[in-house]
1. Please report Glu161, Glu109 as a ranked list, fewest other C-beta atoms within 10 angstrom at the top and most at the bottom.
2. Using only the alpha carbons of region 34-102, what is the convex hull's orientation-averaged projected area in square nanometres?
3. Compute the semi-axes of the equivalent ellipsoid of region 97-170, taking the square root of 5 times each eigenvalue of the Cα gyration tensor, and list them largest first in whole Å.
4. With the dipole of region 83-145 worked out from charges on the C-beta (+1 for Lys and Arg, -1 for Asp and Glu) around the Cα centre, which of Asn87, Pro118, Ala144 lies farthest toward the positive end?
5. In percent, what relative contact order does region 48-170 have, based on Cα pairs under 8 Å that are 6 or more apart in sequence?
6. Using a 10 Å cut-off on Cβ atoms, rank the peptides 145-156, 91-102 from the highest mean neighbour count down.
7. Could you size up the charge dipole of region 53-170 around its Cα centre, putting +1 on the beta carbon of Lys and Arg and -1 on that of Asp and Glu, and report it in debye to the nearest 20?
8. Please compute one quarter of the surface area of the Cα convex hull for the chain and express it in square nanometres.
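We did not get these values from a lab; they are worked out from the coordinates using the rules stated. What you are looking at is a predicted structure, and each value in this text was computed from that prediction instead of being measured. Note that each Cβ is placed from the backbone with ideal geometry, even for glycine, and that neighbours are counted across all protein chains shown.
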Amino acid sequence: MRNVFLIGFMGVGKSTIAKILARELQRELIEMDETIEAEAGMSISDIFAQFGEAHFRDLESALVERIASRGGAIVSCGGGAVLRRENVECMKKSGKIIFLSATPETIYERVHHSTKRPLLNGNMNVEYIKGLMERRRESYEAAADVVISTDGKWKSQIVNEIVDNCFSEE
Ligand code: S3P
């Protein structure tokens, strides 16, 4: 069975939607950030602070490779997991990539109380989110097999769109 990778900006709802999908479809759920934290025995913020972003990206790439070598999972990816081309190639070989999108304003509303995202700490405002999102847009769009806008939608609508796009032919 193929994997399904949910990609998109921090706070777009990848983890929440992946959890519902996995439960409904009785598939394995892999939350990449949580897996990395559990394996490293420290938070993402501490990994960034102690070892730097490049080290985190290496852990991320190694995990993508492992997930791709198996199958059948619903994978909630970290927001930067598609920034390395080799990660995207790995994902494509083993499954389908769904890009969940949202406006910078929606993202800000969802993340502004959180301090667990090192890239946004000290940059927690709509302008910064908008800029980073623009810089990443091409990577997200190039990786995506399917793009789903999440603004103003119920979780159930988003889940149904994913099921229609990914599982109707299985
Ligand atoms: C990151 C997103 C985070 C986490 C890390 C880096 C990014 O995951 O992997 O803080 O570069 O966009 P979420 O998208 O789950 O917040």
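1. On the way: Glu161 18, Glu109 13.
So the residues, fewest neighbours to most, are Glu109, Glu161.
2. 4.9 nm²
3. Values: eigenvalues 137, 43, 20 Å².
That gives 26, 15, 10 Å for the three semi-axes.
4. Asn87
5. Details: 87 pairs, mean separation 32.9, N = 123.
27 percent.
6. 91-102, 145-156
7. On the way: 17 positive and 18 negative charges, 64 e Å.
For region 53-170, the charge dipole is close to 300 debye.
8. On the way: hull surface 36.6 nm².
Averaged projected area of the chain's Cα convex hull equals 9.2 nm².
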